[in-house]
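Q: Before I ask anything, here is the structure I am working with.
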Amino acid sequence: MQLSQELLEKLIDITTRSAVACYPYIGKNEKILADKAATDVMRNQLNKLDINGEVVIGEGELDEAPMLYIGEKLGNGNGLAVDIAVDPVEGTNFVANNLPGSMSVIVIANKGNLFNAPETYMEKLATGSHIPNECLDLDFTVEKNIQNYSDVTSKKLSDITVCILDRPRHKEIINELIKLNVNIKLITDGDVYGALAVTDKKYNIDIFMGTGGGPEGVIAAAALRSLKCKFQGRFLFKSEHEIYRAKKMGIQNLNKKYEINEIVKGESIFCATAITNCELMNGIIKKNDKFITETIVAFKKSNLELVKKDVSLT
């Protein structure tokens, strides 16, 4: 059985409901309550679906309730066997402080098709579908990647924009980009958004690079693969415990560089509803007793599709 448009519509409804559940906590400095509200709704709604699902990318382990934990079974068990990646609130700090960039995200793929990523950092590199596979590579220097991009696109270095998380660990990369006279788009959180921004020229992001969460890398890769964009990832392990967990998940080569088709095999459905305003879509607006939401989806499309909903949720 294959993924379907009907399932996509149901996932849009779920991320919409999950996002709206956060609305009372926007700007209230209550990121834990916001995350719990979204998680509870997402779990409840996913359990109503005719799927036999298992969380492979989640928010924690079995003993970290109320998070949707890795290995949790979801759905009524009667339908399509699927892998599920969830991030009920991508950017909890954004919700807590009423800042742009938060969204509620689900990815679903056929069983065995989503990489079971450990809770560790991942080195990431993403660019658009118009760039040849061999152009950019995690093994290249920052300068070589930027110069290759310039050569392929005939863009001046000063016209290229790189998106990267604003973190101390990226100081050397950022300094190198400054030396190259490249435009830098710094983001404070939410590296799923950062990767998605390479999917369309209208977002004015040419390359996404740097180190962020491994689970978020898998989630972003699902959307990028649907849109034929480029993505590479390599896990970075900081402790023996992280190495132990990775090996327990079946990862033997700890230094392996993963291509996008190794992270997401075959088709997937990516669905993300904005909670606060994003550059990709508008956040939740409440009018009387209704909520106006915007959701981006990637499934058998050449571009991200924007879906607007005007709903009353009880």
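Each value in this text was obtained by applying a stated rule to the coordinates, not by laboratory testing. Nothing here was measured: the structure is a model prediction, and the numbers come from that model. Here the Cβ positions follow ideal geometry from the backbone for every residue, glycine too, while neighbour counts run over all protein chains shown.
Q: So what are the ³J(HN,Hα) numbers for the range 88-95, from phi and the Karplus equation (6.51, -1.76, 1.60; θ = phi - 60°), rounded to whole Hz, Gly and Pro as x?
A: Values per residue, Gly and Pro as x: x, 9, 7, x, 4, 5, 5, 5 Hz.
Q: Can I ask one more? Using r as the Cβ-Cβ distance of Asn261 and Lys300, and R0 as 22 Å, what FRET efficiency do you calculate, to the nearest 0.05?
A: Calculated value: 0.85.
Q: Could you give the size of the charge dipole of the chain about its Cα centre, using +1 on the Cβ of each K and R and -1 on the Cβ of each D and E, expressed in debye and rounded to the nearest 20? Working shown, then result.
A: On the way: 38 positive and 42 negative charges, 81 e Å.
It works out to roughly 400 debye.
Q: Between Gln252 and Glu279, what is the label-point separation in nm under the 7 Å Cα-to-beta-carbon projection?
A: About 4.1 nm separates the two model spin labels.
Q: Listing Arg225, Arg245 from the residue with the fewest other Cβ atoms within 10 Å to the one with the most, what is the order? Walk me through the intermediate numbers first.
A: Numbers: Arg225 22, Arg245 17.
Arranged by neighbour count, lowest to highest, Arg225, Arg245 become Arg245, Arg225.
Q: Additional query: Taking a 25 Å limit on the Cα-Cα distance, which of the listed pairs Lys201/Lys228; Lys10/Lys300; Lys31/Lys201; Lys144/Lys228; Lys230/Lys265; Lys73/Lys286 fall beyond it?
A: Over 25 Å apart, Cα to Cα: Lys31/Lys201; Lys73/Lys286.
Q: For Asp166, Asp35, what's the fewest-to-most ordering of other Cβ within 10 Å of each Cβ? Before the final figure, lay out the partial values.
A: Working: Asp166 13, Asp35 22.
Fewest-to-most Cβ neighbours within 10 Å comes out as Asp166, Asp35.
Q: Where a Cα-Cα gap under 18 Å defines reach, which aspartates and glutamates qualify for Lys156, not counting those fewer than 8 residues away within the same chain?
A: Correct list for Lys156: Glu143, Glu176, Asp206.
Q: Kindly give Rg over Rh for the range 145-242, based on alpha-carbon atoms, with the Kirkwood expression for the hydrodynamic radius.
A: My calculation puts Rg/Rh at 0.97.
Q: May I pose another question? Given a Förster distance of 41 angstrom, what is the FRET efficiency for Asn78 paired with Glu143, based on the Cβ-Cβ distance and rounded to 0.05? Working shown, then result.
A: Numbers: r = 54 Å, r/R0 = 1.32.
Once rounded, the FRET efficiency stands at 0.15.
Q: For the chain, what proportion of DSSP beta bridges, expressed in % and rounded to the nearest 5, is antiparallel? Can you show the working numbers first?
A: Details: 47 of 61 bridges.
Among the beta bridges of the chain, antiparallel pairing accounts for roughly 75 percent.
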